[in-house]
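See structure below.
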Amino acid sequence: MGVRIDLHAHTTRSDGTDTPAEMVRSAAQVAGLDVVAITDHDATTGWDEAQAEADLVGIRLVRGIEISTRFRGESVHLLGYAFDPDHEPLVGELQRVLGGRDDRLPQILAKLAEHGVDITLEDVAAQSGDAAASGRPHIADAMVAKGYLGHRDEAFRGWLNASGRAFVDRYAAPLVRAIELLKEAGGQAVVAHPWSRGSDRVLDLAAFAELQEVGLDGIEVDHNDHDERARTGLRAIAAELGLVVTGSSDYHGTGKSSAFRLGANLTDPEQYHRLLG
Ligand code: AMP
Ligand code: ZN
Ligand code: FE
Ligand code: FE
């Protein structure tokens, strides 16, 4: 078997259900990966714990993040790798994103209450634990814990999704700015699952060419949100522009279906070396 590389995984520091150490251990011992990236939403707080475990179990850890951004009115997720986590302008922008996530919580809970769903800030905090901020998945988990729903996913069908009854928008970093900040901080930038719902409307060849101008390095092509047709289309764009192609699981532990298990999609070793040396 060749070198197995998975460049996108979440932990309890955002909305995954494995601690950083558990995720890294599973990556090595269950999924048999040689390289795994920790990419929590808008946070790098899991890096040290993940690195300590990676050293113990003998797997290469890539230090990463998944930044919540906006591009032409649509939500776009941006993966960042191997950047300086103390770069002040980047830290400031991430604080703004995390703050926006926490600030809208009371409004979401008020909307839920209007519909007879009784969730308190304490209920959500019990679910978010050591996460850097409380997001919709934690609210969903609180709804499950209180018996309103059977699984986190159900909250995204009518309650917390963009057209849902309890949706409240929040701040996201402008995509171009986020790419610039990652590059200033010495890192690499890859658009995550670009043809997931919403962002498929705005991320075409011309858009990727513009983003490459400001420093974009790659496109996450092999992802469970992409069918074969989407993968073929995105691979063609990457080839045309000379962007790196990555693949990943977007693992969230039990927070997403088992189809998103570690190693579900992999990054080609040659592409990995183009991206991260
Ligand atoms: P938030 O950070 O509060 O805006 O929540 C965004 C997170 O919610 C995403 O990163 C996903 O992990 C999760 N999420 C968004 N849409 C869905 C969906 N349709 N089904 C399940 N989880 C979702
Ligand atoms: Zn997530
Ligand atoms: Fe994402
Ligand atoms: Fe993700």
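Could you give the nm distance between label points at A209 and K146, where each point is 7 Å from its Cα heading toward the beta carbon?
5.1 nm
Compute the Kirkwood hydrodynamic radius of the chain, taking the inverse of the mean of 1/r over all pairs of distinct Cα atoms, and give it in Å to one decimal.
Details: mean 1/r = 0.0530 Å⁻¹.
In the chain this quantity evaluates to 18.9 Å.
For the stretch 179-216 and the stretch 65-98, what is the separation of their C-alpha centers, rounded to whole Å?
Spelled out, the Cα-based centre of one part sits 12 Å from the other.
Multiplying the sequence separation of D103 and D48 by 0.36 nm and subtracting their Cα-Cα distance, what value in nm do you get? Intermediate results must be reported in sequence, preceding the final value.
Values: separation 55, 0.36 × 55 = 19.80 nm, distance 2.72 nm.
Roughly 17.1 nm would be gained on extension.
Springs between alpha-carbon atoms under 10 Å, Gaussian network over the chain: tell me which of H87, H193, H115 tops the mean-square fluctuations.
Of H87, H193, H115, the most mobile in the Gaussian network model is H115.
Based only on the alpha carbon positions, what is the Kirkwood hydrodynamic radius of the stretch 94-160, in angstrom? The partial results should precede the final answer.
Working: mean 1/r = 0.0838 Å⁻¹.
When all Cα pairs of the stretch 94-160 are included, the Kirkwood radius is 11.9 Å.
What is the list of residues in the stretch 169-192 whose amide nitrogen lies under 19 Å from a point 7 angstrom out from the Cα of R96, following Cα to Cβ?
169-186
If you stretched the chain out fully between D169 and V30, how much longer would it get, using 0.36 nm times the residue separation minus the C-alpha to C-alpha distance?
Result for the pair: 46.3 nm of gain on full extension.
Using 1/(1 + (r/R0)^6) with R0 = 30 angstrom and r between the beta carbons of N161 and D130, what's the FRET efficiency to the nearest 0.05?
The calculated FRET efficiency here is 0.70.
With springs only between Cα atoms under 10 Å apart, run a GNM on the chain and tell me which of A238, A162, A31 wobbles the most.
A162
Determine the share of the chain's accessible area contributed by carbon and sulfur atoms, expressed in whole percent, with a 1.4 angstrom probe.
Its accessible area is 48 percent carbon and sulfur atoms.
If you put +1 on each Lys and Arg Cβ and -1 on each Asp and Glu Cβ, how big is the dipole of the stretch 94-160 around its Cα centre, in Debye rounded to 20?
260 debye
Relative to the longest principal axis of the C-alpha atoms of the chain, give the angle of the C-alpha long axis of helix 20-29, reported between 0 and 90° and rounded to the nearest 10°.
Once rounded, one gets 50 degrees.
Report, in debye and to the nearest 20, how large the dipole of the stretch 119-241 comes out about its Cα centre when Lys and Arg carry +1 and Asp and Glu carry -1 on their Cβ.
Charge dipole of the stretch 119-241: 420 debye, to the nearest 20.
Quick one: if the Förster radius is 51 Å, what FRET efficiency do E184 and D55 give, using the C-beta to C-beta distance and rounding to 0.05?
0.95
Please work out the average accessible area per residue across the chain, using the 1.4 Å probe convention, and give it in Å².
Spelled out: the 1.4 Å probe surface of the chain, per residue, equals 42 Å².
At 0.36 nm per residue, and after removing the present C-alpha to C-alpha distance, how many nm does the segment from R229 to V202 gain when stretched out fully? Working shown, then result.
Working: separation 27, 0.36 × 27 = 9.72 nm, distance 1.72 nm.
Using 0.36 nm per residue and subtracting the Cα-Cα distance, I get 8.0 nm.
The values are calculated or read from the model by the stated rules, or taken from the named source; none is laboratory data. On a predicted model such as this, the values are computed, not experimentally measured, just so you know. Quick reminder, even Gly has a Cβ in these numbers, built from the backbone with ideal geometry, and neighbours come from all protein chains shown. With ligands, DNA and RNA removed, areas are computed over all heavy atoms of the protein, side chains included. Shrake-Rupley method; radii C 1.70, N 1.55, O 1.52, S 1.80 Å.
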